[in-house]
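For reference, the structure is listed below as structure tokens.
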Amino acid sequence: MIFVIGSNMVEAHPVAATYVKNAVKKGGRLIVADPRAHKLVAFAEMHIPLKVGSDVALLNGVMNVLIEEDLYDRKFVDSFTTGVDELKEKVAAYPPERAGQICGISAESIRDLARRLASVKPVMVCYTLGVTEHTSGVDNVKSIANLQMLLGNIGMEGGGVNPLRGQNNVQGACDMGALPNVMPGYQDVTSPDVRMKFENAWDVQGLSDKKGMMMPDMLDGLANGKVKAFYVFGENLANTEPDIRHVEECLKSAEFLVVQDIFLNETTCFADLVLPAAAWSENDGTFTNSERRVNRVRTASRAPGQAKPNWQIFKEVAERFGHIWSSNSAREIWDREISALAPQLAGITYSRINQDGLQWPCTDKKHPGTQFLHKNGRFTRGRGKFFAIDWQPAAEVPDEKYPMVLSTGRRLYHYHTRTQTGNSFGLNQLLSESVADISVEDASKLGITQGDSIRVESRRGRVEVKARPTHEVPEGMVWMDFHFRKGNANWLTNTAYDPESKTAEYKACAVRIEKI
């Protein structure tokens, strides 16, 4: 069984969705929990149309039933976890009747979902940005982990908690230390031993013992003068961050802004310097996917003009600062530095990943890689920890002035802000502008028909787009993409963030619509 929550896989992760659909055709079972009846729902035996931002309430309600009806994996919980008593106390406050009221679904649907999940082992849970892009995103992920531990679906093939990453190589970027609190290999920057290790390896002194800044803090730092210079690498911030007007003011405030990318885009308009980078197919290197598999990428064509591989640009910038890096290829960087400094990557070398790659942890040259984590209940921290979590509403909820909820995401034909796909004539023919999906019921009330121009307005701005009435969207909801500058949902989205991850709440803000 596969339980997909908060993920429109068919459009946002079409390759992964193909595997899921094939599994169903071969007899696997699929349950989808999502506010929208998107295309994956057609393959599911059950659809839970919960309200936007009610994930914790739903999962607490399901766990309430599992505990009350003694359907959970008591042996796994007793043998391999801690904190279950606190969890039981917390979810006792979420009987299906209360959880269903919060989620906008029936209590019986929650009971049915719990019983189905308990009837099969293992159950795999897949989620994506529909779970994380909330002010409660970290709580949502912890609740999914709670559910899987309660069901004993951890540490086995076909189970687990499986994030479908929002972009290619997000996992690899995190593994390499592209986070403000860790060095490569998730080694804590506050640890003196870790800093000494990297100071010796990099031939530097005085690495900071403080955690770095998160994206929202960086942008606000530009606005208030705390941050003077800004280096943007492979990210079109002017289109992807919430409340675009605020982002533009922040970028204008930079005393010096560098953008390194493969094409000019909305963010390069604000740049003092643009560094042309090679595209993925013009690079030799590695990607790491969401199952921790490190795979080779081989150069298919030479980079045009002055474009260079990203590592080479960074090396040349470092050289201007007077630091000579000895590695002179992607292979040398991996074998001499990455696998030498990150313990869980120590056994992964270029010579070992010529075929289907290796999954970390891979601790020595003879290690076969780790197919799935926490085998036989052996968690990295010892015992798996339950978190007792309360549901919290979104930072901005519908009211009399803004009576609808806006949620955002990707459509099949374009990728993010079209920095790449916008250069494809064929894809632009298939989807040439932003549209707003609204329910058939709301369209009928407002006299809106297919293709009519409508105005969508929030407390931060307004856009004019064409309407797409559809049964996929529930009454009271508007769904938009952020692919195009004109009609971009991020003119409207809220700059409220999860307090821990600092991920923006792209999936929920209050809006109103009117026919033009």
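The values are calculated or read from the model by the stated rules, or taken from the named source; none is laboratory data. Note that this is a predicted model, so its numbers are computed, not measured. With ideal geometry, Cβ positions are generated from the backbone for all residues, glycine too; neighbour counts draw on all protein chains shown.
General observations
- Residue that is in the same structural domain as Gly137 (by TED's automatic domain parsing) and modelled with pLDDT under 95, where the choices are Lys21, Lys39: Lys39
- When we screen Gln355, Gln344, Gln359 for residues that are surrounded by 15 or more Cβ atoms within 10 Å (Cβ to Cβ), of a type outside the set (A, V, I, L, M, F, W, C) and over 17 Å from Val161 (Cα atoms), the only hit is Gln344.
- Region 165-210, residues that are farther than 18 Å from Ala342 by Cβ and in contact with a strand residue (DSSP E or B) (Cβ under 9 Å, 6 or more places away or on another chain): Asn168
- Looking across region 468-515, the residues that are of a type in the set (Val, Ile, Thr) and in a strand (DSSP E or B) come down to Thr470, Val478, Val511, Ile513.
- Pairs where the first residue, in region 445-474, is closer than 19 Å to Cys509 by Cα and among the hydroxyl-bearing types (Ser, Thr, Tyr) and the second is part of a loop (DSSP other than H, G, I, E, B) and at pLDDT 95 or above, C-beta under 6 Å, 6+ apart: none
- Under the condition of being surrounded by fewer than 19 Cβ atoms within 10 Å (Cβ to Cβ) and at positive phi, the residues counted in region 462-487 number 1.
- Of the residues making up region 362-404, those that are under 22 Å from the mean Cα position of the chain (by Cα) and either of a type in the set (Gly, Ala, Ser) or assigned by TED's automatic domain parsing to the domain that holds Gly347 (or both) are Ala394, Ala395.
- Pro242 meets all of the listed conditions (1) surrounded by 15 or more Cβ atoms within 10 Å (Cβ to Cβ); (2) at pLDDT 95 or above; (3) not aliphatic (A, V, I, L, M) but one, namely (2).
- Any hit, region 410-425, residues being more than 25 Å from Ala504 (Cα to Cα) and either in contact with a Cys (Cβ under 8 Å, 6 or more places away or on another chain) or not in a helix (DSSP H, G or I) (or both): yes
- Number of positions in region 25-75 that are assigned to a helix (DSSP H, G or I) and in contact with a strand residue (DSSP E or B) (Cβ under 9 Å, 6 or more places away or on another chain): 6
- Taking the listed residues Val120, Val138, Val194, the one that is assigned to a helix (DSSP H, G or I), aliphatic (A, V, I, L, M), surrounded by fewer than 20 Cβ atoms within 10 Å (Cβ to Cβ) and more than 22 Å from the chain's Cα centre (by Cα) is Val194, with no other qualifying.
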